[in-house]
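Please read the structure below before turning to the comments.
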Amino acid sequence: MSLSLQMLGTGNAFAKNYFNNNGLLLADDYSLLIDCGITAPLAMHTIGKSFRHVNATLITHIHADHVGGLEELALTLKHVYGKTMRLHLPETLIEPLWNNTLKGGLYQKDAVASLTDIFEVTPMKPGITYKLAPSLSLEIIRTPHIPGKDSYSLLINNEIFYSADMTFQPDLLISLVRERGIRMILHDCQLGGAGVVHTTLEELMSLPEDVRRIIKLMHYSDEQPQFVGLTGEMEFIEQHVTYKL
Ligand SMILES: Nc1ccn([C@@H]2O[C@@H]3COP(=O)(O)O[C@H]3[C@H]2O)c(=O)n1
Ligand SMILES: [Zn+2]
Ligand SMILES: [Zn+2]
C-alpha cells in the first residue's frame, strides 16, 4: 500500500507566492483532490496534471481558496472531456455550495439545476468511515473556523489528520494523538497575528512535544521564508513536492 500527498499549493487565501492550499492525495493508483480553490486549475497545469485523471474531489468548506476552482473543473470535464467528477462532501455543504457558490456559473435551464446534475455527489456525515478506494478510507470531523460556516477536517486511513481551516483545538489534537494513535498531523498555520479564524504558529508551538513532533505546516502566508527554522519540530510542507505519508 502506498500513500502520498502532493500539495497543489500551500498558501493561505491571500498568498501570491503560493497556490491555494489544495492537496492531491494518492493511494496506490487512486487520486483524491482535497479542495479545489481558485488557483487549482493553474496549479494542476503547472505540475503537468489534469483533472480528468483525478478520481474524486473532496471539499472541506466553502471559501474561494477551497472551492473557487470547481466551476472550471466541472465545465472543462463536461464540455472538453465528456466526464463528470465524483464529489465527496459533507452533506451540510451540498445546499450552500450549489446555491451560494456554483449556481451562478453552472446553472443551465433544463440541464443543470442542482449539484447532482453536474457532479457525482457522495454526501458524507461526521463519525462514519468511508472507503474511497481499497487503500483509502476517510472520516470527516467538524472543526470550528468561521461562526455559522460549517468546516470539516479529515482523518485519512484512521492515522493522518488533515486540518481544514480551523481555530486552535488543542484538546482535539492531543486526543487524536494520545487516544486514537494518529501518526501525522497536517495543519493550517497562520504565521502572525491573533488566531481569530485560523490556528497560529504560536498556538501550535504551545502544544506538548509528542504532538508537535508529528505536525507538518501548511496554509501559510507569503512571509513563510522568514519563519524557516523558527517552527521547532514542526516542518513546513512545500507545494508540488510529493511526500510519502
Ligand atoms: N472573520 C473572518 C473571515 C475571513 N477572514 C479571512 O478571509 C479568508 C478566507 O479564506 P481562509 O483561508 O479561511 O482565510 C480567511 C481569513 O484570512 C478573516 O480573517 N476573518
Ligand atoms: Zn483557506
Ligand atoms: Zn476558510
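The values are calculated or read from the model by the stated rules, or taken from the named source; none is laboratory data. Everything quoted here is computed from the prediction, not taken from an experiment. Cβ atoms come from the backbone with ideal geometry, glycine included; neighbour counts cover every protein chain shown.
The set of residues in the stretch 67-89 that are surrounded by fewer than 15 Cβ atoms within 10 Å (Cβ to Cβ) and acidic (Asp, Glu) is empty. Whether a residue is surrounded by fewer than 20 Cβ atoms within 10 Å (Cβ to Cβ), within 22 Å of the chain's Cα centre (by Cα), within 16 Å of ligand 3 (Cβ to nearest atom) and at negative phi was assessed, and VAL197 passes this test. Screening MET1 with (1) at pLDDT below 95; (2) within 16 Å of ligand 1 (Cβ to nearest atom) gives one miss only, at (2).
Of all residues in the stretch 105-130, exactly one satisfies the criterion of being more than 24 Å from LEU73 (Cα to Cα) and either charged (D, E, K, R) or within 16 Å of ligand 1 (Cβ to nearest atom) (or both), namely LYS125. Residue count for the stretch 92-145 satisfying the condition of being of a type in the set (A, V, I, L, M) and on the phi > 0 side of the Ramachandran plot: 0. The numbered conditions (1) surrounded by fewer than 19 Cβ atoms within 10 Å (Cβ to Cβ); (2) hydrophobic (A, V, I, L, M, F, W, C); (3) within 13 Å of ligand 2 (Cβ to nearest atom); (4) closer than 23 Å to ILE185 by Cα are all true for ALA64 except (4). Considering LEU87, LEU132, LEU93, the condition of being modelled with pLDDT of 95 or more and more than 18 Å from ASN22 (Cα to Cα) is satisfied by LEU132 alone. The selection criterion, being part of a strand (DSSP E or B), in contact with a Leu (Cβ under 8 Å, 6 or more places away or on another chain), of a type outside the set (Phe, Trp, Tyr) and more than 26 Å from HIS219 (Cβ to Cβ), holds for GLU120.
Among the candidates THR39, THR92, THR129, THR46, the residue that is within 16 Å of ligand 3 (Cβ to nearest atom) and surrounded by fewer than 20 Cβ atoms within 10 Å (Cβ to Cβ) is uniquely THR92.
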